[in-house]
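Okay, so here's the structure we're looking at.
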């Protein structure tokens, strides 16, 4: 795993497409119990090199009921985005994750992570890639159907503060999904 992580962190496959340059951000360990697959690092995470080191990460840790110490312990939590580098900014926010990363790196990583109990699919990119035809018509329907994907996957919206409107329109998420997620974390001693 150490060799693979070093290879990924030195990857420059997308360099011609990244204005901010290559800086793959991820964490993984053969003993990881929980895998979080999100979109791609944002500008702040690109600068710090620490996954989910922003307001979205604060929100995600709150949803999990998990301390930063546990969240950043790769023997407990693996963090593998769909695109490992910051893709840049577009008209309405960050660009989509680069499509090269997941097909190139996810399977080699997952093949070494034999202790995974649950994978969080954070956002539509991860859900579409991993659920494929099992994904519903849109993110809301996929997240609302979260029990259909258990015990392997749990679909979540992106925890970005930009999604506050979505959260207000979908109170069932805080009433049903977040308690389930927190109970899972507690039941697996990952607080």
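Coordinate-derived values only; no laboratory data. All values reported here derive from a predicted model rather than from experimental measurement.
Averaging Cα coordinates gives a centre for the stretch 11-66 and one for the stretch 125-152; these two points are 21 Å apart. The antiparallel fraction among DSSP beta bridges confined to the stretch 2-184 stands at about 20%.
In the chain, helices alone account for a calculated mean residue ellipticity at 222 nm of -8000 deg cm²/dmol, with every DSSP H run of four or more residues adding -39,500 (n - 2.57). The Stokes-Einstein estimate for the chain, based on a Kirkwood radius over Cα pairs and taken at 20 °C with 1.002 mPa s viscosity, is a diffusion coefficient of 128 µm²/s.
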